[in-house]
Each structure stands twice: as C-alpha cells, then as structure tokens.
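J.: Sharing a structure with you now.
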Amino acid sequence: MIKPRSAFIDADAIRLHYLEWEPEHIQVATPDWPADQDSDNMPIVMLHGLSATADTWRLVAEHLCQQHHVIAFDQRGHGQSDKPDSGYDLVTFAEDAIRGMAALGLGQVALVGHGWGARVALVLAARHPALISHLILVDCPHVEPRHWPGMTRERFTRARSPKELYASRETFLQPLRQEMNTFWRPEVEEIFLTYIQELPDGRVEELLQPEHQREIRESLWDDRALPYYSKITCPVLLIPAAAQPQPGDELPERLENADEFAAAKGYMAAQVARAIHCCTVLWMPDTAHDIQLQHPQMLANVIIDFVRA
C-alpha cells in the first residue's frame with residue numbers, strides 16, 4: 001500500500017486526524033482528457049463507516065491519488081480523532097468535516113462516504129451544496145431504520161460491549177476472516193486492526209466507545225433521511241451492494257439474513273434514486289458491504305470516471 005501522510009487538524013473545538021494522499025503525477029492532456037478539463041484537479045474527501053477509520057480507504061486511495069488529491073478523516077470518536085462526550089449526531093459529524101476541509105484550505109470537493117459515513121456525506125452535501133461537486137454514496141443505508149421491516153428503536157440502538165465481545169485480537173479478527181475469506185489478505189487485516197486497541201490484559205475493544213456508538217445509532221433512528229435527497233444539487237452516484245430490483249419487487253417483510261438485507265438495500269436505493277435530481281446507480285450484487293476492501297481498484301476507477309464526466 002502507498003503510505004499516506006498522517007496528520008491532525010484543529011476543526012474549531014475538535015482535533016481531527018486525517019490521512020492525505022498527494023497526486024503522484026500531473027495528468028498529461030490527451031484526446032480523451034482535454035487540457036481544459038479541471039476535474040482531474042478536484043480534491044476527493046472520504047468519510048468512513050461506523051466503527052471504522054480513515055484507513056478503510058487506503059486500498060482505494062492508492063489508485064485515486066494517481067490523479068487526485070485525497071483526504072480521509074477519522075470522524076469524531078473514531079480512530080485517532082478526539083472523542084468528546086457529546087456531538088454524535090449526523091449534523092455535527094457533517095459540520096466537523098466542513099470545518100476540517102476549511103482548515104485544510106479545501107474549496108469545492110468530490111465527497112465519498114461509505115455506510116453510515118455515506119449518511120454523514122448526504123447531510124453535508126444537503127447543507128453545503130456549493131462545496132460539493134460530486135457525491136458518491138457507497139452502500140448507504142438510505143432509509144431511516146424506523147422504516148426497516150421488524151426494526152425497533154431498542155433493537156437498533158442497543159450498543160455492543162467490545163470488552164465482552166473480543167477477548168483477544170484473534171477473537172476480533174476471526175469472524176471477519178470468515179465473512180471476507182474470498183478477499184482477505186494482509187492489507188485488509190492491517191486496516192481492520194486500526195479499528196481497535198489492545199488493553200493491558202490482552203482484551204481488545206473498538207476505538208469507538210459503546211456509549212458513542214449508541215448515540216450515533218439514536219441519531220440515525222431519529223433522522224429523517226428522505227428530505228435530504230431532493231436538496232442535493234450535484235451529480236450523485238449510488239453504489240449499493242445489491243442487485244437492481246425487478247418490476248414488482250417489494251421491500252422484504254423482515255430482515256433476518258444477508259439475502260433479505262441485500263434485497264432491502266436494492267429496493268431502498270431504487271426508491272431514493274427517483275428523488276435525486278441527477279443520479280446514477282451502479283448495482284453491485286454478490287458484493288460485501290465493504291466494497292472499498294473487496295473491489296478497491298474497481299471502486300477507484302468508478303469514482304475517477306464519475307468525477308471526470
């Protein structure tokens with residue numbers, strides 16, 4: 001992996017950690033890439049998913065940085081960024097990123113978010129449309145959890161206790177290896193290890209504390225996602241880890257297994273795509289939620305082409 005620059009920036013009241021990849025070379029003008037086209041200079045800001053870190057984008061960024069300046073933030077409570085007692089709602093996360101961008105001197109950017117981070121990106125783009133040239137939402141939970149079949153507030157917001165779940169580093173990694181066995185490799189393992197810290201007694205806990213995760217989930221439960229989509233003015237690319245629903249398909253009556261979740265994600269993506277002014281959907285069936293780890297080069301190429309268009 002290409003090693004990024006690791007640094008901190010003061011975003012008003014919070015100190016954010018970020019990774020930065022500088023473009024490796026200047027793109028030479030070609031017939032397919034006119035000299036007056038400046039999208040190759042557009043910075044790309046990337047927001048990770050729940051309990052992850054900026055490192056989740058390492059495999060994608062090493063391809064993006066061939067042509068783009070790439071910044072990935074550790075969001076508050078995650079990674080090496082500050083972990084204050086409050087501020088774990090979607091709007092505050094979005095404003096953290098805006099302040100971080102301003103502190104770094106970034107103007108308009110292409111914004112990429114994964115999972116819960118895609119919901120943060122959606123809020124950011126709706127609140128600050130002039131600052132976002134393109135919005136890429138990777139396997140975003142588009143519809144608020146209150147509308148998920150069979151979901152209750154208590155079930156959704158119940159926080160896990162990492163200290164009880166992970167007796168060791170191996171306990172943390174083993175289920176991930178099994179789930180991602182088709183694309184597991186040392187680089188992927190290295191990325192997941194940035195999500196946790198080892199305690200003196202050998203137990204392992206996630207860097208995102210249970211109480212902060214619960215507050216994030218409560219914010220997601222209370223959020224009204226659908227009104228944001230009509231406020232987006234830039235081109236949007238949805239990348240659900242799901243197949244395109246066929247005519248007559250309906251939302252599953254329950255969400256108990258991977259197939260039902262995938263069908264629900266496809267249905268929800270198709271619904272919200274109709275509410276977005278300028279929207280493209282890249283359907284990715286038979287794909288893990290962590291598309292950025294399973295298909296990093298493909299995802300990077302898709303982002304570059306979308307920003308270039």
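J.: Please work out which residue is nearest to Leu282 (Cα to Cα), limiting yourself to the stretch 237-255 and to residues that are surrounded by 11 or more Cβ atoms within 10 Å (Cβ to Cβ) and among the charged types (D, E, K, R). Write out each step before concluding.
T.: Of all residues in the stretch 237-255, those surrounded by 11 or more Cβ atoms within 10 Å (Cβ to Cβ) come to 237-245, 249, 251-252, 254-255.
Still in the running and among the charged types (D, E, K, R): 249, 254.
Details: Asp249: 18, Arg254: 25 Å.
This residue is Asp249.
J.: Do we have Gly79 as within 13 Å of the chain's Cα centre (by Cα) and buried (at least 24 other Cβ atoms within 10 Å of the Cβ) here?
T.: Spelling it out, it is not the case that Gly79 is within 13 Å of the chain's Cα centre (by Cα) and buried (at least 24 other Cβ atoms within 10 Å of the Cβ).
J.: Okay, next question. Find the helices (runs of 4 or more DSSP H) located wholly in the stretch 243-309 whose residues include 1 or more that are modelled with pLDDT under 90, and list them.
T.: Output list reads 258-273.
J.: May I pose another question? Is it the case that the stretch 198-219 has a residue that's more than 18 Å from the chain's Cα centre (by Cα) and under 30 Å from Cys279 (Cα atoms)?
T.: yes
J.: From (1) at pLDDT 95 or above; (2) over 21 Å from Phe192 (Cβ atoms), pick out the condition that doesn't hold for Asp36.
T.: Going through (1) at pLDDT 95 or above; (2) over 21 Å from Phe192 (Cβ atoms) one by one, Asp36 breaks only (1).
J.: A further question on this structure: Only one of these is of a type in the set (Val, Ile, Thr) and within 24 Å of Thr53 (Cα to Cα): Val302, Val272, Val281. Name it. If you could, list the steps in order and put the result at the bottom.
T.: Working: Val272 fails: within 24 Å of Thr53 (Cα to Cα); Val281 fails: within 24 Å of Thr53 (Cα to Cα).
That would be Val302, the only listed residue that is of a type in the set (Val, Ile, Thr) and within 24 Å of Thr53 (Cα to Cα).
J.: Counting only residues that are in contact with a Ser or Thr (Cβ under 9 Å, 6 or more places away or on another chain) and not basic (Lys, Arg), how many does the stretch 217-238 have?
T.: 9
The values are calculated or read from the model by the stated rules, or taken from the named source; none is laboratory data. As the structure is a computational prediction, the values presented were derived from the model and not from experiment. Heads up, the Cβs are rebuilt from the backbone with ideal geometry, glycines too, and the neighbour counts pull from every protein chain shown.
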